Structure formats: C-alpha cells, structure tokens
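The values are calculated or read from the model by the stated rules, or taken from the named source; none is laboratory data. What you see is a predicted model; the values in this text were computed from it and never measured. With ideal geometry, Cβ positions are generated from the backbone for all residues, glycine too; neighbour counts draw on all protein chains shown.
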Amino acid sequence: MLKIEDLHAEIDGKPILKGLTLSVNAGEVHAIMGPNGAGKSTLGYVLGGRPGYEVTEGSVTFDGQDLLELEPHERAAAGVFLGFQYPVEIPGVSNVQFLRESLNAQRAGRGEKPLSGAEFLKLARSQADALGLDQEMLKRPVNVGFSGGEKKRNEMVQMGIIDPKFAILDETDSGLDIDALRIVGDGINRIMRQPTKAVLLITHYQRLLDYVKPDFVHVLADGRITRSGGAELAHQLEREGYAEIAA
Amino acid sequence: MMATKNAEALAAVSKKYEWGFATDVEQDFAPKGLSEDTVRYISAKKGEPEWMLDWRLKAFRKWLTMESPDWAKLSIPPIDYQDAYYYAEPKQKKTIASLDELDPEIRRTYEKLGIPIAEQEVLAGVEGARKVAVDAVFDSVSVATTFREELKAAGVIFLSISEAIREYPDLVKKWLGKVVPQHDNYFATLNSAVFSDGTFVYVPEGVRCPMELSTYFRINAENTGQFERTLIVADKGSYVSYLEGCTAPMRDENQLHAAVVELVALDDAEIKYSTVQNWYPGDENGVGGIYNFVTKRALCQGKNSKVSWTQVETGSAVTWKYPSCVLAGENSVGEFYSVAVTNNRQQADTGTKMIHLGKGSRSTIVSKGISAGRSDNTYRGLVRVAPTAEGVRNFTQCDSLLLGDQCGAHTVPYIEVRNPSAQIEHEATTSKISEDQLFYAMSRGLDQEAAVALIVNGFAREVLQQLPMEFAVEAQKLLGISLEGSVG
C-alpha cells in the first residue's frame with residue numbers, strides 16, 4: 001500500500017530525514033518509535049504534504065501513485081488520514097460543518113455523491129457515540145476549548161467519519177489517561193484493523209501498543225530506521241531505552 | 001518553499017469579478033457636470049414640489065463652500081465632480097404592475113447576479129415561507145416594486161423616495177435631514193443636493209412589518225454617480241427588518257457613490273438594517289472600482305428603541321462608511337456588526353459611532369476586518385457618553401485577520417466618556433490565518449480556497465449569524481470569492 005524509499009527531507013535547509021525506507025502492506029499496523037528529535041513527526045508531516053517540509057531525495061508511492069506529487073487535500077481524497085499530535089483549533093467553525101465539508105470535498109475528489117445533511121449527521125453521531133464523545137461537542141467549534149484528551153478523541157471521531165484507507169497517527173496517545181487510552185485504542189482497532197487498511201502509529205511510548213497490537217515496530221533515530229522487529233521490540237525499547245537500541 | 005508559494009499566490013490575482021457586465025438598456029442622462037441647473041433638472045425629472053427643490057438647492061449652495069474630508073486613512077485621487085453624470089434612468093420608467101412587464105434585459109441582469117426576482121417571488125409565494133419584498137433600484141429609478149398591496153394592508157409604506165415625496169410629503173418633510181442634517185458632511189451634503197432615488201419606509205405604531213424589506217441596488221451607467229437616499233421611520237412599538245445588497249458591473253473609470261441612509265426609531269421600536277455590499281473593487285492594480293462614501297445614521301429617539309446595523313463589505317475600491325446610532329432615548333440600544341474584506345488594492349475605512357445621550361442606553365460593536373493582497377483595512381469607531389447619560393454600557397470587539405504580509409489592518413477607537421457611571425469595554429485582536437489551520441483543514445480534504453473560506457467564515461461568524469437567512473448564505477459565498485487566490 002505505502003512504499004517509502006530512501007526518503008530525505010529537510011526543514012529550512014536542515015536535514016531531518018536521511019534515507020528512510022519503509023513498506024506498509026494492507027492489513028498491517030506499523031509502529032514507529034524513537035527518541036525526541038529523531039524525525040517522527042516530520043515523517044508524518046511529509047506524508048501528509050505539509051508546506052515547508054521539503055523532500056530532497058527518495059520517493060513515496062501510495063497504491064502505486066506518487067504521493068509526493070499530490071496536494072494535501074488530494075492525499076486525503078486518495079485515502080490518507082493524518083491524525084495530529086496537536087489538533088488545531090478553528091474558531092467559529094463547528095465540528096459538524098468542518099467534517100461535512102471535508103468529507104464531501106473528498107467524495108467530490110473521488111467522483112462520489114455528497115452526503116446529505118441528515119446522512120452526515122447520523123454518521124457523525126454514531127462515531128461520536130462509539131468514541132464516548134458527547135454529541136454536543138459536534139456542534140462546538142473545531143477543537144476550541146477542548147481538553148487534550150477530547151481533542152485526541154475528536155481526531156478519532158474524524159477518522160471514523162472519513163473512514164480512510166491509511167492512517168498516520170502522530171502521538172495519538174499523548175495526553176490521554178488510561179480510560180481514554182483504551183477508548184482511543186479500541187477506536188483505532190474498530191476503524192482501521194481491516195484487511196484493506198493499514199496504520200502507521202507514531203509514538204514515543206509503548207503503552208498505546210498494549211491496545212493496538214502492531215505487526216511491526218521500527219526504531220527511528222537520526223532520520224532513518226535503525227532497527228525493525230515485531231511487537232516484542234516495543235517492550236524491549238521500554239525496558240532498555242532508546243540509547244541502547246537505536247545506536 | 002512556503003515563501004515562494006506565497007509570492008506566487010499573491011501574484012496570482014483574486015478571482016476576476018464575476019459580475020462585471022453591462023446591461024444594454026437605453027439611458028436618459030442629465031447633462032454632464034454639476035451646477036444648479038443639474039439640481040433643477042433632477043428635481044424637475046422627478047416632478048418634485050417646490051419645497052423639495054428649495055431643499056436641494058440649499059444643500060447644493062452649502063456644498064460649494066465645503067471641502068472633501070481627509071481625516072480617514074484613505075488615499076484617494078482628486079475627484080472631478082464636473083466629469084460625471086448625476087442622473088440616469090432606464091427609458092422605460094413607468095411603474096409596472098408585475099415583474100413580467102419588467103424589461104427583459106434588466107431581468108437578465110438580476111439573474112446573472114444570482115438573485116433572480118422570479119425566485120424571490122416563488123420564495124415569497126410559498127405558504128409559511130418568509131416573504132421578501134423587492135424594491136429593485138436599477139440605476140436611479142425604482143423600476144419594480146412588489147408586494148406593495150400586502151404591505152399596504154399592514155399599513156406599511158414602502159416606496160421609492162421620489163414617490164414618497166409626492167404621496168406623503170408631510171412624513172418626508174418631517175424626517176428628511178433630521179438624522180443626517182444637510183450640512184453634516186461633504187458627501188451627505190452632495191447627496192442632499194443631487195440624490196436621484198432611494199427608498200422610503202414608514203412602519204406605523206404597533207405594526208410588525210409582515211416581511212423583510214429588500215432593495216437591490218445596482219449601478220449600471222458608465223460615469224453615473226449614484227446618490228441613494230433612504231429614510232426609514234419606525235413608529236412606536238413597531239418592527240422592521242431591511243436588507244440592502246449591491247453589485248456593480250466592471251468599469252474602468254471610478255464611479256462615485258455617496259448614499260445617505262437615515263433611520264428613526266420611536267418608543268419601543270426596532271429597526272434591523274442589513275447590508276451586503278459587493279461593488280466592483282477595481283482590478284488587482286487598483287484601476288477602476290467604486291468610491292463608496294456613505295453616511296448612515298440612526299436616531300434611537302424613543303425609550304427602549306433599538307437599531308441594529310449589520311454589514312458585510314467586500315466590494316468598492318474605497319469605502320468610507322460609519323453606520324452610527326444616536327442613542328437619545330432612555331434605555332435605547334444600538335448595535336453594529338461588521339465584516340469588512342479588502343483585497344488587492346482596496347481601501348476601507350469603516351466603523352461606527354455610538355452616541356449615548358439617553359440614560360441606560362447600551363451599545364454593542366463587533367467589527368471583523370479581513371485584509372489580503374496589498375489592501376488597507378481600518379476600523380474607526382467612536383463611543384461617546386454625554387454628561388447626562390447615566391448608566392451607559394458599551395462593549396466593543398475589533399478583530400483583524402491578515403492574509404499575506406503586504407496588507408494592513410488598523411484599529412482607531414475613540415472613546416469620549418463624560419459620565420463616570422459608564423461601563424465601556426474595548427477588546428481588539430489581530431491575527432494571521434495560521435499555516436497550522438490551513439494545513440489541518442487541507443489534510444482533511446479541503447482545497448486551499450475552501451480551507452481559507454472556511455477559516456474566514458469562522459472568523460466572521462458572530463457577524464454573519466446576525467444576518468437574515470437569505471443574506472447569510474450569499475454573504476458566506478461572497479467572503480470566499482473575495483479572497484480567492486490571496487493565500488499561498
């Protein structure tokens with residue numbers, strides 16, 4: 001599904017990713033772990049197409065298509081979802097309006113019919129319920145006045161509504177208490193654990209991996225993947241620390 | 001990468017003015033230039049009584065002694081008042097019984113604007129649907145007035161001001177120039193001399209106007225100054241909502257517009273006045289475009305009277321406009337909700353004046369300025385509390401949003417409080433559309449234009465939600481269109 005080859009990327013001329021290679025197949029969950037500053041979030045932003053993150057070498061293909069050629073909204077329409085570490089506030093725009101416009105823009109990009117207001121509302125409510133997010137929150141401005149945990153849950157509600165093929169989840173576990181962690185973990189499994197879908201979990205700690213079992217764990221250090229393994233690698237990292245293993 | 005993209009996008013012009021077309025209808029012009037003869041010509045054309053001509057002439061003579069104001073943060077080339085026509089009307093000028101009789105060319109113009117009268121009719125005809133009466137002002141003369149009968153049944157007078165001068169001279173005489181005196185300012189005085197047409201509304205005591213009253217203005221003839229005059233009187237305990245919306249065809253030469261709007265609210269009366277303004281703003285280099293010098297003022301004369309101004313300003317090359325409230329009545333209320341968008345080379349100096357004279361009078365000001373391109377956007381507002389006005393409250397919020405780094409946003413609040421019991425609050429913010437917001441919205445599937453439109457509409461929400469439904473949708477689209485291509 002996703003093929004990253006020898007990816008180099010920089011911000012303001014400063015190299016961050018230095019030859020990253022990774023393949024993700026349908027039906028797989030991959031976890032990217034690594035110390036602060038290793039380039040984890042940069043990887044997420046490069047895959048999402050954030051302006052300012054310049055790819056200097058290498059390639060990324062998604063379902064055979066050159067992902068790097070696409071604008072961020074075209075990547076979304078192609079089925080890529082980026083869950084933000086710090087979800088952004090958009091004052092004055094309700095969650096419902098934001099998501100309905102977004103979803104319908106994606107559908108238009110794929111040549112599908114837009115969802116009606118009623119159809120959308122039904123979908124949004126069921127996703128909010130599944131993630132234990134008060135339905136009232138759907139009417140509130142996007143992320144404005146939300147607690148850290150609510151913002152993360154809201155990201156998962158968005159993912160559920162958009163129903164992407166491939167999700168990159170950047171530190172989705174940060175700021176969550178134990179209960180919320182379980183709910184979010186269940187959400188990821190429910191929405192994304194399917195044979196036709198795949199997930200890239202970017203995380204600093206292994207605790208989310210107790211809920212979402214990865215098929216592969218990769219260690220990202222200094223801009224490239226230095227080690228790969230199965231779920232047990234995450235436990236080893238937790239025990240022994242990055243310094244030992246990443247080197 | 002971001003910087004180059006920004007530069008490219010800024011260089012790319014905002015979407016071409018969609019509604020820049022001229023309608024081919026024969027015009028009847030006054031001779032070019034401005035003199036007493038011009039004033040007499042207009043008055044004669046209108047079949048006005050002697051007192052009206054005298055009123056105009058008095059204003060004209062006063063105007064000759066005045067000078068164009070220069071205190072606003074606007075850069076305006078000198079205007080040659082002799083190089084313009086002051087009166088133009090479509091040839092077909094008699095009142096028509098139904099819209100079917102309307103000149104098909106004029107009707108097509110409205111349809112291109114996306115505000116077809118036919119649709120409005122259907123809208124109004126549907127049982128239970130809110131009704132909108134359209135007094136369509138095409139250039140200087142009202143060519144179609146609808147719903148007059150139903151309004152008449154309610155006792156509401158809704159006429160062109162020319163008709164009102166003939167049919168209700170006493171009412172007009174009583175209030176014309178009482179809120180905005182003839183000598184008020186340069187442009188208001190000019191308007192008093194040469195106003196061509198406009199609207200008159202009178203809502204009798206205790207009547208709630210059964211529909212929203214709507215006038216679509218349209219400047220059509222080349223080099224024709226547009227001098228609208230609007231007078232709305234809400235008698236005791238009455239209510240009226242008035243909508244005003246404008247677009248203009250593309251022209252190379254600047255067109256002068258100097259309207260005067262006077263509102264009077266007596267005891268317990270309420271007037272809601274909403275404007276969506278989208279006149280031709282000039283091209284990306286600032287060539288052409290409308291000069292919009294408007295004097296809008298409300299007199300809240302009665303106790304518990306209320307006037308609410310809501311405006312969405314996206315057009316005009318130059319906007320000079322301060323819809324104001326004189327809060328004379330005890331416990332009277334004034335509100336001003338404004339969104340002003342400037343792009344390319346547009347300049348806007350707009351705001352309000354809340355003059356608190358009555359005890360317990362209250363005012364709310366919410367101003368949202370959005371600047372893009374190389375434009376300048378100024379909020380200028382006055383809150384004045386007279387010594388005798390006890391217990392006055394005012395809340396002012398001025399927010400500016402910048403798109404790009406070559407535009408300007410300015411806030412100039414004047415606060416003059418002469419009574420110590422007053423509570424005055426002023427909040428102001430300036431922000432840029434953040435790259436975080438744009439990327440977040442785009443990563444959810446919105447293209448850049450849609451993302452900008454969404455964020456800007458969110459920013460302006462408090463104001464947009466004050467608009468009647470019919471206008472809110474139109475206004476939201478307008479904000480998006482006005483800003484297309486302005487963010488990289």
Open item on the list: I'd like the residue in segment A:28-52 that is touching a residue at least 12 places away in the same chain (Cβ under 8 Å) and over 20 Å from residue A:203 (Cβ atoms) and, out of all such residues, is surrounded by the fewest Cβ atoms within 10 Å (Cβ to Cβ).
Closed with: A:52
Task: Matching residues, segment B:332-351, being charged (D, E, K, R) and buried (at least 24 other Cβ atoms within 10 Å of the Cβ) - done: none
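Considering only residues that are among the charged types (D, E, K, R) and under 18 Å from residue A:41 (Cβ atoms), which ones fall in segment A:205-247? Before the answer, list the steps.
Here is the first cut: in segment A:205-247, the residues among the charged types (D, E, K, R) are A:207, A:210, A:213, A:215, A:222, A:224, A:227, A:232, A:238-240, A:244.
Within segment A:205-247, A:222, A:224 qualify.
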Open item on the list: Which condition from (1) crowded, with 18+ Cβ neighbours inside 10 Å; (2) farther than 18 Å from residue A:47 by Cα is the one that residue A:195 breaks?
Closed with: (1)
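Taking segment A:45-66 on its own, how many of its residues are within 13 Å of chain B (Cβ to nearest Cβ) and not in a loop (DSSP other than H, G, I, E, B)? Steps first, please.
Just the residues of segment A:45-66 that are within 13 Å of chain B (Cβ to nearest Cβ), to begin with: A:45-56.
Still in the list and also not in a loop (DSSP other than H, G, I, E, B): A:45-48, A:53-56.
The number of residues fulfilling the criteria is 8.
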Task: Residues within segment B:270-285 that are touching a residue at least 60 places away in the same chain (Cβ under 8 Å) and either on the phi > 0 side of the Ramachandran plot or touching a Lys or Arg at 6+ places or on another chain (Cβ under 6 Å) (or both), tallied - done: 1
Open item on the list: Take the residues in segment A:153-173 that are more than 14 Å from chain B (Cβ to nearest Cβ) and charged (D, E, K, R); name whichever of them is surrounded by the fewest Cβ atoms within 10 Å (Cβ to Cβ).
Closed with: A:171
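Being of a type in the set (A, V, I, L, M), part of a loop (DSSP other than H, G, I, E, B) and within 14 Å of residue B:431 (Cβ to Cβ) is the filter here, so list the residues in segment B:385-418 that pass it. So that I can check it myself, show each step before the final result.
Narrowing segment B:385-418 to residues of a type in the set (A, V, I, L, M): B:385-386, B:389, B:392, B:401-403, B:409, B:412, B:415, B:417.
Okay, now just the ones that are also part of a loop (DSSP other than H, G, I, E, B), so B:386, B:389, B:392, B:403.
Listed by number, the list holds a single entry, B:403.
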TODO: Give the residues of segment A:67-109 that are more than 10 Å from chain B (Cβ to nearest Cβ) and not in a helix (DSSP H, G or I), sorted by residue number.
DONE: A:70, A:79, A:85
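Tally time: how many residues in segment A:117-169 are part of a strand (DSSP E or B) and closer than 25 Å to residue B:461 by Cα?
Keep residues of segment A:117-169 that are part of a strand (DSSP E or B), which gives A:141-142, A:166-169.
Checking which are closer than 25 Å to residue B:461 by Cα leaves us with A:141-142.
Total meeting the criteria: 2.
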TODO: Collect the residues in segment A:59-93 that are at pLDDT 95 or above and among the aromatic types (Phe, Trp, Tyr), keeping them in residue-number order.
DONE: A:62, A:81, A:84
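With among the polar types (S, T, N, Q), without any contact (Cβ under 8 Å) to a residue 24 or more places away in the chain and touching a strand residue (DSSP E or B) at 6+ places or on another chain (Cβ under 9 Å) as the only criterion, which of B:443, B:431 stands out?
Details: B:431 fails: without any contact (Cβ under 8 Å) to a residue 24 or more places away in the chain.
Just one listed residue meets the conditions, B:443.
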Open item on the list: For segment A:164-192, which positions are under 19 Å from residue A:34 (Cα atoms) and among the acidic types (Asp, Glu)?
Closed with: A:170, A:171, A:173
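Check segment B:431-450 and report whether any residue there is part of a strand (DSSP E or B), of a type in the set (Ser, Thr, Tyr) and more than 14 Å from chain A (Cβ to nearest Cβ). Break it down into steps so the answer makes sense when it comes.
Taking segment B:431-450 as the starting set, the residues that turn out to be part of a strand (DSSP E or B) are B:431-432.
Filter again for of a type in the set (Ser, Thr, Tyr), leaving B:431.
Within this subset, residues satisfying the condition of being more than 14 Å from chain A (Cβ to nearest Cβ) are none.
The answer is no, given that none of the residues of segment B:431-450 is part of a strand (DSSP E or B), of a type in the set (Ser, Thr, Tyr) and more than 14 Å from chain A (Cβ to nearest Cβ).
To keep it simple, each residue is scored yes or no on (1) on the phi < 0 side of the Ramachandran plot; (2) modelled with pLDDT under 65; (3) out of contact with any Asp or Glu (no Cβ under 6 Å at 6 or more places or on another chain).
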| residue | (1), (2), (3) |
| --- | --- |
| B:217 | yes, yes, yes |
| B:220 | yes, yes, no |
| B:235 | yes, no, no |
| B:242 | yes, no, yes |
| B:249 | yes, yes, yes |
| B:255 | yes, no, yes |
| B:259 | yes, no, no |
| B:265 | yes, no, yes |
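Can you tell me which residue among B:174, B:152 is modelled with pLDDT of 95 or more and surrounded by fewer than 21 Cβ atoms within 10 Å (Cβ to Cβ)?
Numbers: B:152 fails: modelled with pLDDT of 95 or more.
Only one candidate qualifies: B:174.
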TODO: Filter segment B:401-429 for residues that are more than 14 Å from chain A (Cβ to nearest Cβ) and of a type in the set (Ser, Thr, Tyr) and give the result.
DONE: B:411, B:414, B:421
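Quick check on this structure: which one of B:389, B:460 is facing chain A (nearest Cβ under 8 Å) and of a type in the set (A, V, I, L, M, F, W, C)? Quick ask: steps written out before the conclusion?
Numbers: B:389 fails: facing chain A (nearest Cβ under 8 Å).
On inspection, the qualifying residue turns out to be B:460.
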Task: Residues satisfying the stated conditions in segment A:17-39, i.e. under 17 Å from residue A:7 (Cα atoms) and charged (D, E, K, R) - done: A:18
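I'd like to check something: does segment B:194-204 contain any residue that is out of contact with any strand residue (DSSP E or B) (no Cβ under 9 Å at 6 or more places or on another chain) and modelled with pLDDT under 95? Step through it out loud before you land on a result.
Going residue by residue through segment B:194-204, those that are out of contact with any strand residue (DSSP E or B) (no Cβ under 9 Å at 6 or more places or on another chain) are B:194.
With modelled with pLDDT under 95 added as a condition, the list becomes B:194.
Within segment B:194-204, one or more residues are out of contact with any strand residue (DSSP E or B) (no Cβ under 9 Å at 6 or more places or on another chain) and modelled with pLDDT under 95.
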Task: Enumeration of residues in segment B:362-376 that are farther than 15 Å from residue B:460 by Cα, charged (D, E, K, R) and either assigned to a strand (DSSP E or B) or free of Cβ contacts under 8 Å to residues at least 12 places away in the same chain (or both) - done: B:362, B:376
Task: Those residues of segment A:1-27 which are β-branched (Val, Ile, Thr) and surrounded by fewer than 18 Cβ atoms within 10 Å (Cβ to Cβ), in sequence order - done: A:11, A:21
Task: Residue count for segment B:272-305, restricted to those that are modelled with pLDDT of 90 or more and over 17 Å from residue B:338 (Cα atoms) - done: 7
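Keeping to segment A:207-247, report how many residues are under 16 Å from residue A:189 (Cα atoms) and in contact with a helix residue (DSSP H, G or I) (Cβ under 8 Å, 6 or more places away or on another chain). Break it down into steps so the answer makes sense when it comes.
From segment A:207-247, those under 16 Å from residue A:189 (Cα atoms) are A:207-216, A:231; that's our starting set.
Checking the rest, the ones that are also in contact with a helix residue (DSSP H, G or I) (Cβ under 8 Å, 6 or more places away or on another chain) come to A:207-215, A:231.
Going through segment A:207-247 one residue at a time, the tally reaches 10.
Give the residues of segment B:405-428 that are over 28 Å from residue B:388 (Cα atoms) and surrounded by 13 or more Cβ atoms within 10 Å (Cβ to Cβ), sorted by residue number. Before the answer, list the steps.
First, pick out the residues of segment B:405-428 that are over 28 Å from residue B:388 (Cα atoms): B:405-411, B:428.
Correct list: B:406, B:407, B:408, B:409, B:410, B:411, B:428.
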- [ ] For segment A:110-124, name all the residues that are within 24 Å of residue A:188 (Cβ to Cβ), away from chain B (no Cβ under 13 Å) and among the charged types (D, E, K, R).
- [x] A:122
